[in-house]
Amino acid sequence: MIIDTHCHLDDPRYNDDLDAVIARALEAGVKGILLPGADIEDLPKAQAIAHRYPHVFYAAGVHPYHHQQYDEKVLEHYLEDDKCIAVGECGLDYFRLPKDEQAKAEEKAAQKEVFRAHIALAAKHQKPLVVHVRESSADSFEMLNTFAAGKVPSGVLHCYNASEALLPLAQANFYFGIGGVLTFQNEKKLGEMVTRIPKDKLVLETDAPYLTPHPKRGQRNEPAYTAYVASHLARVLGVEEEALHALSTQNAKKLFKAFEKLN
Ligand SMILES: [Zn+2]
Ligand SMILES: [Zn+2]
């Protein structure tokens, strides 16, 4: 059994064939799936999908690109739902910052404020935190170490970016989401860094429909392809594929307790 801890099945690219996508995932052994929240307007759709499939869950949050949408009342409404098992995705994304220095500083400050609000929500509701980090490792570490460590029950650095600065978060019960990037031929650093992540903190993800792993690169990604990430990671770590499945699934169940009852 494999768990895809991060995939956006509420994306319109799955509108026409979601049942088939889920069926292919099950066939590939992907028997647990988490849909992170990204855009607040898509949460009703994520909720509906999670309620349609027993092994699919969702999280409530707003991606840093949509931080203006943050609405605590709306997110808390979803957090009361049994199938809403985490807060996020949330975090800092400095990839598309404005050029103007003042506008840049304002955007960073606004992202940090909303990130901090998500962290507080996870602490209040004692839910795991799904974190998005892009070009922001130092600030992300600082925020998580200050406000989340010891306060949220667990968390995941989804699409772990191979930054050494984030590794100490393993001690604060943060997990590291490994996805298709690991299979990219020009990606050497992540291959080295994954060997330094504590084995009990590794989880798998696709981030579908994005970041499609080799050998499906160029096509729409889907949760069935978690299996490609798993076999690549097993090779990098020098363990049997079966052992990697067992390990990453056990980790995902500790990270997200709701997965415990799945098998
Ligand atoms: Zn993300
Ligand atoms: Zn995502």
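Taken together, the values in this text are just the output of simple stated rules run on the coordinates, not laboratory data. Note that the structure is predicted; figures quoted are calculated from it, not measured. Reconstructed Cβ throughout: ideal geometry from the backbone, glycine too, with neighbour counts over all protein chains shown.
Descriptive notes on the structure:
- Net charge contributed by nearby residues that have their C-beta within less than 10 Å of ASP139 (K/R +1, D/E -1): 0
- Ranking of GLU27, GLU76 by neighbouring Cβ atoms within 10 Å, starting from the fewest: GLU27, GLU76.
- Backbone N under 19 Å from the ARG235 label point (7 Å along Cα→Cβ), restricted to region 150-183: 178-183
- Note on region 145-216 and region 58-137: Cα centroid distance 18 Å, given to the nearest whole angstrom.
- Fluctuation leader among GLY32, GLY238, GLY88 - the chain, Gaussian network, Cα springs under 10 angstrom: GLY238
- Phi-based couplings in Hz for region 82-91 (Karplus 6.51, -1.76, 1.60; Gly and Pro marked x): 4, 8, 9, 10, 7, 9, x, 7, 8, x
- Region 113-211: relative contact order in percent, alpha carbon pairs under 8 Å with at least 6 residues between: 25 percent
- When the chain is treated as a GNM with alpha-carbon contacts under 10 Å, the residue of ASP42, ASP71, ASP100 showing the greatest mean-square fluctuation is ASP100.
- Choice from GLN69, GLN102, GLN250 showing the highest fluctuation, given a GNM over the chain with Cα pairs closer than 10 Å: GLN102
- LYS104/GLU164 FRET efficiency (R0 22 Å; Cβ-Cβ; nearest 0.05): 0.35
- Efficiency of FRET from Cβ geometry, GLU242 and HIS66, R₀ 30 Å, rounded to 0.05: 0.15
- Applied to region 154-171, the Karplus parametrisation 6.51 cos²θ - 1.76 cosθ + 1.60 on θ = phi - 60° returns per-residue 3J(HN,Hα) values of 6, x, 9, 8, 6, 6, 3, 8, 6, 7, 5, 4, 8, 3, x, 5, 4, 6 Hz, with x for Gly and Pro.
- Per-pair calculated FRET efficiency, R0 = 45 Å: HIS51 and ASN186 via Cβ, rounded to 0.05: 0.65
- With 30 Å as the limit, the listed pairs LYS112/LYS261; LYS31/LYS199; LYS45/LYS199; LYS104/LYS254; LYS151/LYS199 have LYS112/LYS261; LYS45/LYS199; LYS104/LYS254 beyond it between alpha carbons.
- Amide H within-cut-off set for ALA208, under 5 Å, with H built and near neighbours excluded: HIS8
- The fraction of Cα-Cα pairs per 10 angstrom bin, counted from 0 for the chain, comes to 7, 33, 38, 19, 2, 0 percent, rounded to whole percents.
- Spin-label pair LEU26-LYS73: with each label point 7 Å from Cα along the Cα-Cβ axis, the two points sit 4.0 nm from one another.
- In order through region 131-142: 3J(HN,Hα) via Karplus (6.51 cos²θ - 1.76 cosθ + 1.60), integer Hz, x for Gly, Pro: 10, 10, 10, 9, 6, 9, 4, 5, 5, 5, 4, 4
- Reachable lysines, given that their alpha-carbon falls under 20 Å from the alpha-carbon of LYS216 and they are not under 8 places away in the same chain: LYS188
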